[in-house]
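For reference, the structure is listed below as C-alpha cells.
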Amino acid sequence: MSDKLPQPAGLPIFLLDGHEIPFQPGQTVMQAALEAGFYIPHLCFHEEFKPHGSCKVCTVKVNGRTVASCTTAAAADLDVESETSELRDLRKTLVQFLFTEGNHFCPSCEQSGNCKLQAVAYELDVLSAHFNPIFPDRPLDASHPDVLLDFNRCILCELCIRASSEVDGKDVFALAGRGITKHLIVNAESGRLADTKLAVNDKAMSVCPVGVIQRKRRGFAVPIGQRTYDQKPISEVTISRLQGHPIGHAEDQEGDGR
Amino acid sequence: MTAVAKKKLRVATVSLAGCFGCHMSILDIDERLIELLEHIEFDRSPLTDIKTCGPCDIGIVEGGLCNAENVHVLREFRQNCRILVAMGACAVGGGLPAQRNHLDIRDCLQTVYLTGMGVQRGFIPNDPELPLPLDKVHPLHDVVKIDYFLPGCPPSADAIWKFLTDLLAGRTPSLGHGLLHYD
Ligand code: SF4
Ligand code: SF4
Ligand code: FES
C-alpha cells in the first residue's frame, strides 16, 4: 500500500508501513513521521526536546531490526514497520510494565483523561497491567506551597529533568538509583521541593506525561470524562496538535523548549 | 439457523473488595436488562441472593481481594465458571482499597480502631465471623487466571453492554475509544 503525500520537491523519502514519508536531513524517523501526519506511540519523546530514547514505546522495525523510532535517524529508502500486531504487542507489554512498576490509581488521579500513559494504553487496547503488581512505597512531596509531587506515577521519562535544566536553567529534578530502584529525586540538600526554585510557570511544570507534577488547588477544573483524551484518541490529538509544525529541522535542533 | 430454543447462559456475579458501583453500573443498562435476560440466567449474584456458585458459563467479579473470604469466593468462581471476568478498577488492579498497600496492616487497624481522631473506647474487631484482612490488597489476576478484563471505575453501562453482547455473540469483547476508560 502506498499513499502519495504532497511533498516538497527534492526531499528524500523512507517508507512507513508502505507510506512514503519525506524527511529533512537530520530528522529522526519519529519526527518525520509525525510531521507527515503519521502517529507512532511514544512517551519519553517530546517534539520540543532532544530525543531521549528510554521508554521504547516508539519501537519500530527498520529493515527488519527493532529500534527506537525517536532516536533513529531517517535515511533514504528505509523500510519502517510500525502498525503490525507484533509491534503493537511489544508496545503493549512495555506499557503494562510501566503500570506494574508504579502505583497508578487512575480513578483518583487528577491527570486522568489528560495522561499520555493512560491514553497510549487506551490506544494499544491495554485492559490490565497483566503482570503481578509491585505496589512500591513512594511517599509524596507536598512541601512546596503551590506544587505537589506524586512519585507513584513517575515513568522516568526525564522530561521534567530536561525541561528544568535546558529551559528553566534550574536543575530541580534528577534520577537516582539503578534498575527497579531508579527513581526521581529533587535536587536540594533536604530533598524537598520547597527548597528548590521551582515556580508554577516553569517549563518543568507542563511537560510531565503522567500525573507526578501537580499544581495545588486546581483539582477537577474539568470533570472526568470531558478531558483531552476522553474526547479523541491520542493518535488523533497528537497529529492535529502538530499539524503544520516543523519538527526537529536542523535550525531547530537545540531543544529550545518553546 | 433453525429456531431451536437456545439454552440460556448461566452467569454468576459477586462483589468482593469493591463498592458495588460496578453492580450498580450493570443495573444502569436499564431496559436492556430485559433483552439480556432472554440470553442469560443468573446463578450466585446479589441479584438472586443465591449464596454459592454452581457451574456457570460466565463469572463476573467486581472488587479485588482484601480478606481471606474474598480469596475463597474467587476460587469458588474460578472452579465453577468457564469464563471469568474481572470487572472494574478494583478487580483489575486493586483500585482504591489497594491504596493501603504501602501501609502496615497493624498500623492501619490501630489508627482506625484505637488511636484515630475521635475514637473513644475503641477496639480492633475480632469476631470469629469476620474474615481476616490480608496484609495487602490484590487484583484478581494475582491469585487466579482471569479470562477477560473490563476496566473502569465503574465501567459505564454502555461498556458493560458492549462487553456482554460481544461475549454472548461469541466475539472477543472489544471496547474501543470512548468505552475503554480506567476512571
Ligand atoms: S498518571 Fe496516568 S496512568 Fe497513572 S494514575 Fe494518573 S491517569 Fe492513571
Ligand atoms: S516526573 Fe513526570 S516528567 Fe519527570 S521523569 Fe517522572 S514521568 Fe517524566
Ligand atoms: S518515545 Fe522513543 S524511546 Fe520513548
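FYI, it's all coordinate maths here, none of it is from the lab. Since we're looking at a predicted model, the values are computed, not measured. When we count neighbours, we look across all protein chains shown, and the Cβ atoms used for this are built from the backbone with ideal geometry, even at glycine.
What the table below lists for this structure:
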| read-out | value |
| --- | --- |
| Within segment A:194-245, tally of residues that are away from ligand 2 (no atom under 16 Å from the Cβ), charged (D, E, K, R) and surrounded by 14 or more Cβ atoms within 10 Å (Cβ to Cβ) | 5 |
| Where A:SER143 falls short, out of the listed (1) of a type in the set (S, T, N, Q); (2) within 14 Å of another protein chain (Cβ to nearest Cβ); (3) assigned to a loop (DSSP other than H, G, I, E, B) | (2) |
| Residue list for segment A:105-128, restricted to those being more than 7 Å from every other protein chain (Cβ to nearest Cβ), within 9 Å of ligand 1 (Cβ to nearest atom) and not aliphatic (A, V, I, L, M) | A:CYS109, A:GLU110, A:GLN111, A:ASN114, A:CYS115, A:LYS116 |
| Qualifying residue in segment A:88-101 (condition: more than 14 Å from chain B (Cβ to nearest Cβ), in contact with a helix residue (DSSP H, G or I) (Cβ under 9 Å, 6 or more places away or on another chain) and within 28 Å of A:GLU20 (Cβ to Cβ)) | yes |
| Checklist (1) part of a loop (DSSP other than H, G, I, E, B); (2) in contact with a strand residue (DSSP E or B) (Cβ under 8 Å, 6 or more places away or on another chain); (3) more than 16 Å from ligand 2 (Cβ to nearest atom) applied to A:GLY113, failing item | (2) |
| Hits in segment A:48-100 (condition: within 16 Å of ligand 2 (Cβ to nearest atom) and among the charged types (D, E, K, R)) | A:GLU48, A:LYS50, A:LYS56 |
| Meets criteria (part of a loop (DSSP other than H, G, I, E, B), more than 16 Å from ligand 3 (Cβ to nearest atom) and crowded, with 20+ Cβ neighbours inside 10 Å) for A:LEU127 | yes |
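Listed here are the residues, each with its yes/no results for (1) more than 20 Å from the chain's Cα centre (by Cα); (2) within 15 Å of ligand 1 (Cβ to nearest atom).
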position	(1), (2)
A:CYS157	no, yes
A:ARG162	no, no
A:LEU175	no, no
A:ASN187	yes, no
A:GLY191	yes, no
A:ILE213	no, yes
